[in-house]
Every structure is written in C-alpha cells, then in structure tokens.
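The block underneath contains the structure these notes are about, expressed in structure tokens.
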Amino acid sequence: MMGEPPWVRRLVAALGAAVLVFLCLPIIIVVPMSFSSASSLEFPPPGLSLRWYEAFFGDPRWLEAAGTSLALAALASSLALVLGTIAAYGLVRGRFRGRPLVELNFMAPLILPQIITGVALYIFFARIGLLGSFAGLVIGHTVLAVPYTVLVMTVAIRAFDRDIERAAHSLGATWPVMAWRVLVPNLMPSAAAAWIFAFIISFDEVIVTIFLAGAHETIPKRMFNELVLQVNPTITAIATLLIGISVVTVLAVTTLARRAGLLAKIAD
Amino acid sequence: MSTIQLRLGPSGVGFVLPLGLVMLLAFNIPVVLMLAWGFTSPKGVLVPWIDMVERTVYLRVLVNTFRIALIATLTCALLGYPLAYWLCCLKGRARMIGLALVVLPFWVSILVRTYAWIVVLGNNGVVNRSLLGLGLVEEPLAILYNELGVIIGTTNVLLPFLVLPLFAAMVRIDRRLLMAAAGLGAGPWTVFRRVFLPLTLPALAAGAILVFILTLGFFITPAILGGGRVPMIANMIDMLINRLPRWELAAALSTVLLVATFVCYALYLRIGRAAQPS
C-alpha cells in the first residue's frame with residue numbers, strides 16, 4: 001500500500017494467509033473428521049464412513065434435542081422479530097426523552113456476558129416457578145435475540161424514506177393500512193435477515209440454556225455436556241451438518257441483505 | 001395524524017412499550033434482583049463479599065481471568081493486524097473471499113470451533129503427532145487442558161471481532177495521505193509508523209477492548225479446552241450456582257464481572273467515538 005519492497009509484501013501476505021488458515025482451521029478439521037471410520041480422534045481419518053451420521057440420525061435423543069432446538073429457535077426468533085420491529089419503529093420515528101437509554105437497554109443482553117443473564121434468569125425463574133419450563137427457555141432466548149432484531153430493523157427503518165409513509169397517509173390510508181401495505185412489504189427482506197440472525201443466535205445458544213433448561217435438551221446443551229465428559233465423534237457429524245446449514249444461511253442472508261441494500265446502509 | 005398515532009402518543013413511545021415491558025420483566029428486574037442477592041445473605045449483608053476477598057481461591061480466579069483476557073487480547077492484536085492489513089492490500093474478488101472466510105466462523109457454533117481444537121491440540125492430535133513424527137519432541141507436548149489451550153481457543157473464536165473493525169478502519173484511510181508522506185521523502189517504514197499506524201490505533205484499541213470484554217465472560221471455551229483446570233470467572237459462577245449452591249457468592253462474583261464489563265464498555269464507546277472521524 002505504501003510502496004513497500006516486494007519481500008515485505010510477500011511477508012505480509014504469508015503472515016495474513018497463515019492467520020486466515022488459523023482462523024478457519026476448526027472448520028477445515030471438523031468436516032473431514034465427521035466422515036472418519038475411526039472412533040479415535042485421528043486426523044487425517046484412517047478411513048471413510050458415514051457411521052457418525054448414522055449415530056446421530058439413529059439416536060432418538062439427539063433427534064428429540066434437534067426438535068426442541070428448532071421449535072425453541074423458531075418461537076424465540078419470531079417473538080424477538082415482532083417485538084423488535086415494532087420497537088425499532090418507535091426508536092427511529094419516535095421523539096421521546098430517554099431514547100438512547102431505551103436503545104441501550106435493548107442492546108444490553110448483547111453487551112452483558114451471557115453467564116450474568118443466565119444466573120439472573122436462573123434465580124428469578126426459580127422464584128416464580130418458571131425454571132426448567134419450555135416457556136422460560138423461550139423467554140430467555142427471546143431476550144438474547146432482541147438486540148440483533150432491533151439492530152437490523154433500526155437500520156432498515158432508518159433507511160426507509162418517511163415521505164413514502166406520508167404519501168400513503170395523504171392518499172387517505174389509515175396507519176394500519178399504511179403499515180400493512182407500505183411498511184411490511186418494504187421491510188420484508190430486512191425482516192427475513194433479522195429473523196435468520198435471531199434464529200441462529202438461539203439455535204447455537206449454550207450458556208443461558210444450561211441454566212434454564214432443566215430436563216429439556218437442546219442440541220448445543222447435549223453437545224456441551226458430552227464434550228465436558230468425553231470425546232464423542234458423533235459431534236463432528238452434527239458440527240458438519242451445522243456448518244452446512246450455516247453456509248446456506250449466510251448465502252441466504254447475504255442475498256436478502258443485498259436485496260435490501262442493508263450492507264451499504266450499515267457501511268454508511 | 002391518524003388515530004393510531006394519536007393513541008400511541010405523538011412521541012411514538014407506544015411502539016417501544018411492548019418490548020420495553022418484556023425487557024423490564026425478563027431482563028432488567030432479574031438482573032437487579034441478582035445484584036441485590038449479593039447483599040442479602042442471611043448470615044450478613046457483606047458476608048459473600050468478605051468471603052470473596054478472604055478465600056484466596058476467588059481472588060486467584062479473578063486475577064487469572066484478567067490475565068488470560070489480557071494475553072488473549074494481545075495475541076488477537078498481534079495476529080489480527082497483519083491479517084487486516086493483508087486483506088486491505090487485496091483487491092476485488094480475492095478481498096471478498098478473504099472477508100467471507102473471516103466472517104464464516106461467526107456463523108459456526110462456538111462449540112464446534114472449540115471441539116476442533118481437541119482434535120488439533122490433544123496428545124494424539126495433529127500438532128503432537130507431527131512433532132513426534134518429525135522427531136522434534138520426545139513425548140507429546142501438553143497444549144490441551146491447560147491455559148495455553150484456553151488461550152489458543154479463545155484467540156481463535158474472538159479474532160474476527162478485532163479483524164473486522166480494524167479492516168474497516170484501514171480501508172477508510174485516505175491513500176493520498178500515504179502518497180503525500182512518501183512525496184515528502186518518507187520511506188515505506190516511516191510512512192507506516194508515522195502515518196498509517198497512528199490512524200489505525202483507535203480501531204485497534206476499540207477491537208482489543210471488545211475482545212477483552214468478551215474473554216472476561218467466556219465460559220464454553222475454558223470449560224472444554226481447560227479440562228476443569230483453568231477456572232475463569234464464568235466457570236466459577238456456574239459452579240457456585242449448579243454444584244455448591246452458594247447463590248449469594250455467585251451473585252457477588254457476577255456483580256464484579258458486570259462492573260468490569262461496563263467500565264470496559266464505556267471505554268470502548270469513548271474510543272469508538274474517537275475512531276469515527278465525523
């Protein structure tokens with residue numbers, strides 16, 4: 001960039017590439033491991049097989065955990081999206097005192113270490129009898145997903161021209177009609193991206209889940225408990241499935257975000 | 001003005017109310033109650049706090065956590081700076097792919113990323129078998145289930161948080177400044193040291209504080225890669241809640257973690273504001 005000699009440029013490239021490999025090493029390792037025929041943690045795998053995928057799909061407890069994870073993530077991210085979108089509209093269009101403070105409050109679960117949220121909800125839910133209930137889990141995950149939906153929807157609404165809303169009003173649309181016919185269709189791509197964000201956050205959540213879940217099992221909770229006790233290669237198969245889902249989701253979000261022009265807006 | 005807007009108030013505060021109420025009930029009140037719990041021990045208001053200071057184990061865990069956070073932050077800065085700089089030098093498609101690879105781990109469960117390090121660093125792992133195979137060591141190096149393993153895993157998980165803002169800051173630098181410095185006779189090293197580096201320092205500091213905050217509250221990576229031998233604050237809190245039942249002590253430790261986080265976050269906001277030219 002500043003006219004470095006070629007050897008410096010090569011050194012920087014080598015260092016940068018090495019760090020990038022370090023960053024991606026877990027993904028590079030786990031995917032081939034999941035097709036290993038050995039039950040030891042040998043890399044590269046001595047032979048190939050699908051036994052760890054069979055172990056996952058053949059175990060009703062893992063499948064039940066997957067069902068719980070999916071239902072929990074779907075409920076929590078939908079709640080966080082609806083509440084977060086309405087609140088984001090108020091934050092962007094509203095003129096009331098203490099707005100920055102309210103916004104900071106909605107961001108707080110992201111800033112606070114999750115262990116604190118976990119302990120606080122644990123003690124609170126134990127008192128009001130929600131500990132170990134599915135409803136308690138949904139509430140906890142919703143709180144954790146709220147910062148993401150508020151953040152994405154605030155950016156989206158801020159970028160939406162208010163004159164279009166005013167035009168709808170001047171043409172006689174009441175607020176609900178305007179919201180349904182103008183706001184919702186225009187904000188849909190951003191809302192989809194926000195929902196996916198929130199879904200992933202909930203689906204991967206470990207710490208708050210460990211505190212609140214009681215007898216409920218989610219995929220990350222089972223993975224964590226197995227990892228602390230012993231090394232079980234079934235986890236590599238789940239990991240690979242999760243990485244596959246992540247890659248597909250990232251592509252979906254980037255497409256949605258590009259359609260919404262979200263990336264350019266965030267960059268501004 | 002339409003009816004709904006009148007009903008919700010012209011200020012728009014009504015839109016914020018539903019989420020505000022949910023957050024109040026499911027977040028603010030629980031956190032405040034937890035903080036209060038640290039002062040409501042039946043044995044005496046300050047008993048958990050005296051315990052925390054007198055029993056050296058808690059102080060040791062606190063000091064240990066801050067030390068590991070500091071080392072992980074420095075490692076992230078040392079590894080992240082060349083990566084961000086290299087990405088900044090790349091152009092077009094190569095840069096997009098590089099950035100995508102930095103962002104990709106964000107989307108992969110932290111459990112998965114931590115698990116992979118068991119495969120890499122274990123006694124029978126890739127690193128040790130290579131070293132043994134090359135005859136560089138006589139017996140497997142102990143890299144896993146100790147502090148080194150925790151630091152490697154933490155650095156790996158948190159590196160993108162430092163690289164992305166740093167890259168954004170580097171891209172924003174006006175290249176004409178560098179050219180002007182070179183035109184005035186400065187060599188490449190001087191341009192870097194006197195112009196480029198100072199311009200990236202606020203972003204580097206902000207990213208480093210973010211990594212520091214996140215390491216302070218880290219739970220999963222120390223639990224798995226530390227093998228129970230590297231207790232950090234979060235793991236201690238978990239033990240005090242789930243094994244020992246000493247909630248008031250857990251609440252007191254959580255308060256310490258919360259205050260440390262907020263102090264660092266205030267610092268982060270201040271530096272972040274300085275990093276934005278507008």
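Every read-out reported here was derived from the displayed coordinates using simple, explicitly stated rules and does not represent laboratory data. Values in this document were obtained by computation on a predicted structure and should not be read as measured data. Methodologically, a virtual Cβ is constructed for each residue, glycine included, from the backbone with ideal geometry; neighbour enumeration extends over all protein chains shown.
Per residue of chain A, what 222 nm ellipticity follows from adding -39500 (n - 2.57) for every DSSP H run with n ≥ 4, rounded to the nearest 500? Spell out each step's value before the answer.
Details: 13 runs with 206 residues, N = 268.
Helix contribution divided over all residues of chain A: -25500 deg cm²/dmol.
Go ahead and run the numbers for FRET between B:Val45 and A:Ser40, Cβ-Cβ distance against an R0 of 41 Å, rounding to 0.05. Don't skip to the answer; put the middle values down first.
Working: r = 54 Å, r/R0 = 1.31.
Efficiency at R0 = 41 Å is approximately 0.15.
Show me the helices of chain A, taken as full DSSP H stretches, that run 15 Å or more along their long axis by Cα and average 1.6 or above in Kyte-Doolittle hydropathy. Don't skip to the end; give the middle numbers.
Numbers: long enough: A:6-33 (38 Å, 2.04); A:60-93 (49 Å, 1.12); A:99-111 (18 Å, 0.92); A:114-128 (21 Å, 1.65); A:134-158 (35 Å, 1.69); A:184-204 (29 Å, 1.34); A:219-229 (16 Å, 0.36); A:234-260 (39 Å, 1.65).
Once both thresholds are applied, what remains is A:6-33, A:114-128, A:134-158, A:234-260.
Separation of the stretch A:1-38 and the stretch A:139-155 by C-alpha centroid, Å? First find each Cα centre; the distance between them is then 33 Å.
In plain terms, the residue of A:His141, A:His169 with the fewest other Cβ atoms within 10 Å comes first and the most crowded comes last, giving A:His169, A:His141. Inter-chain Cβ neighbour count for A:199-210, averaged per residue, equals 3 (cutoff 10 Å, partner chain atoms only). Each stretch of four or more DSSP H residues adds -39500 (n - 2.57); spread over every residue of chain B, this sum gives -24000 deg cm²/dmol at 222 nm. When chain A is treated as a GNM with alpha-carbon contacts under 10 Å, the residue of A:Trp52, A:Trp175, A:Trp62 showing the greatest mean-square fluctuation is A:Trp175.
Between amide H atoms placed 1.01 Å from N, distances below 5 Å from A:Ser36 occur with A:Ser49, all of them 5 or more places distant or on a separate chain.
Place the peptides A:8-18, A:25-35 in order of packing, highest mean first, counting for every residue the other Cβ atoms within 10 Å and averaging per peptide. Let's see the in-between values first.
Values: A:8-18: 15.2, A:25-35: 19.6.
With the highest mean Cβ count within 10 Å placed first, the list reads A:25-35, A:8-18.
Top mean-square fluctuation among B:Gly92, B:Gly12, B:Gly38, Gaussian network model of chain B, C-alpha springs under 10 Å? It is B:Gly12. Cα centroid separation, the stretch A:62-110 to the stretch B:136-179: 31 Å. Structure remark: mean-square fluctuation, Gaussian network model of chain A, C-alpha springs under 10 Å; the largest value among A:Ala193, A:Ala179, A:Ala237 belongs to A:Ala179.
Please identify the helices of chain B, taking whole runs of DSSP H, that span at least 24 Å along their own axis as judged from the Cα atoms and have a mean Kyte-Doolittle score of 1.0 or higher. It would help to have the intermediate numbers written out before the result.
On the way: long enough: B:56-89 (49 Å, 1.39); B:147-172 (37 Å, 1.65); B:197-216 (27 Å, 2.24); B:247-275 (41 Å, 1.35).
Helices meeting the span and hydropathy rule in chain B are B:56-89, B:147-172, B:197-216, B:247-275.
Rounded, prolate or oblate, given the Cα gyration tensor of the stretch B:46-275, with a/c below 1.5 counting as rounded? It comes out oblate by the Cα gyration axes.
What does the charge count around B:Cys88 come to, taking other residues whose C-beta lies under 12 Å from its C-beta (Lys +1, Arg +1, Asp -1, Glu -1)?
Numbers: positive: B:Lys91, B:Arg95, B:Arg172, B:Arg175; negative: none.
With Lys, Arg at +1 and Asp, Glu at -1, the net is +4.
Seen from all directions on average, the protein assembly as shown presents a Cα convex hull projection of 29.4 nm².
The convex hull around the C-alpha trace of the stretch A:55-267, projected and averaged over every direction, spans 14.1 square nanometres.
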